1. Just reorder GLU132, GLU122 by solvent-accessible area, largest first, 1.4 Å probe, all chains present.
2. What is the calculated FRET efficiency for LEU183 to LEU59, with r their C-beta to C-beta distance and R₀ = 22 Å, to the nearest 0.05?
3. Which three numbers, in whole Å and largest first, are the semi-axes of the equivalent ellipsoid of the range 1-159 derived from its Cα gyration tensor as √(5λ)?
Amino acid sequence: MIPLVLGCFLGTFLEWYDYALYSYLATSISVAFFPTGDASVALMETFAVFALSFLVRPLGGMFWGYIGDRFGRKLSLSASILLISCSTACIGLIPGYRTIGVYAPALLLFFRLLQGLSAAGEYAGAAIILAETVPARLRGVLTAVVPAGEAMGLLAGACLIFGVSALSGTGPLQDWMWRAPFLVSVPLGLLAFFLRRNVFETAPAPALPHDLAPLRHLVSQHSRILLIGMMAAVLDAVGFYFVLTFLPTFLASAGLIAAHSPVKWEILPLLIFVPAVMGAGFLAGRWGAGKVLALSALCFILFYLPLLWVMPYLPSGGILACELLLAAFLALADGALPFFLAGLFPAEVRYSGFAVSFNLSNTIFGGTTPLVMTLFGHLKHAYVLSAGWIIGAACLTLLAVYMASNRVNATP
């Protein structure tokens with residue numbers, strides 16, 4: 001069982017290490033690929049590419065869901081990890097705008113789209129293979145390994161970039177210094193690929209008739225469950241991309257922390273987040289995933305705006321404490337969500353249902369969050385506007401838990 005858990009962990013670790021690099025290196029990437037007279041415009045263009053890459057995630061969810069439900073989880077997970085590691089490495093090899101002109105941002109967008117396509121089946125597949133394989137008493141805590149892998153990937157990216165930034169001093173990193181971390185994805189991807197091929201077992205053939213596609217059956221017979229899954233994932237999508245990746249940039253733009261040192265504000269929250277996610281998975285296995293999701297949503301609804309409102313009046317230690325609280329609220333949702341979604345869909349369309357609902361939420365809400373928050377930062381009452389975005393997401397997740405009633409955790 002340990003090799004299986006490790007294989008699932010490494011995949012999501014690598015996926016979110018790759019995504020962390022783009023978020024944490026946004027300033028350097030904007031200089032390399034979007035050289036304009038206005039640094040804020042260049043940064044928004046960089047995050048626009050980040051958001052556009054999410055447009056292919058629903059398509060990727062459909063594709064990997066079909067492969068996983070038709071031909072087994074092993075094939076889907078082995079192929080996706082190779083694609084994401086190769087596309088990430090290619091981003092580090094693209095010449096800058098000054099060298100090849102408009103082809104530079106075009107290639108950046110292409111490889112970001114390929115990243116989004118390959119990542120679309122990773123989270124769902126890893127959570128499902130754990131939920132279908134491990135003993136029932138451990139499903140809650142072990143499916144939480146998947147989001148824990150995400151957080152560890154972000155932590156590794158944060159520590160690496162923080163270390164490189166310390167060597168380079170203040171300001172955007174030199175060209176070769178921001179590119180090097182992207183190339184690290186190659187050996188990590190190969191390690192994860194060979195580990196998965198050796199330890200993952202192909203899932204049994206699904207119960208669907210051969211001439212019926214999983215997605216068609218999902219939409220025609222389980223559309224309500226698909227909607228519930230999308231709504232349940234909204235808070236995780238918005239919160240993950242704001243609290244764990246974009247919040248330091250948001251705070252820096254508001255002048256609350258140093259403009260060129262946002263990465264160090266992620267390291268401690270991520271260190272707290274990983275054990276909190278595992279604890280949330282344990283609670284999901286004991287209390288039920290829906291209850292833990294609802295608790296997370298209520299925490300954001302009640303406390304998010306007051307915390308954000310008081311941050312400008314606090315010293316740096318107080319701001320960090322508020323950030324830790326937000327990370328703890330998010331950990332409740334993140335640790336319970338994979339168990340919730342794995343138990344929501346019937347086995348024959350579980351991969352498709354999980355992947356499509358999760359990726360639609362990430363496309364519509366998660367991938368657009370950094371761009372939306374950047375836009376809010378240039379408007380009056382930015383804190384209130386950002387609160388509406390987060391609290392609205394929490395309300396949708398809370399409604400999804402109510403609609404799911406007793407369906408979750410009857411399977412797998």
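The values are calculated or read from the model by the stated rules, or taken from the named source; none is laboratory data. Everything quoted here is computed from the prediction, not taken from an experiment. Using ideal geometry, Cβ is built from the backbone for each residue, glycine included, and neighbour counts are taken over all protein chains shown. Remember, those area values only see protein heavy atoms, side chains included, never the ligands or the DNA or RNA. Shrake-Rupley method; radii C 1.70, N 1.55, O 1.52, S 1.80 Å.
1. Putting GLU132, GLU122 in descending order of accessible area: GLU132, GLU122.
2. Calculated transfer efficiency: 0.20.
3. Each semi-axis is the square root of five times an eigenvalue, giving 33, 16, 12 Å.
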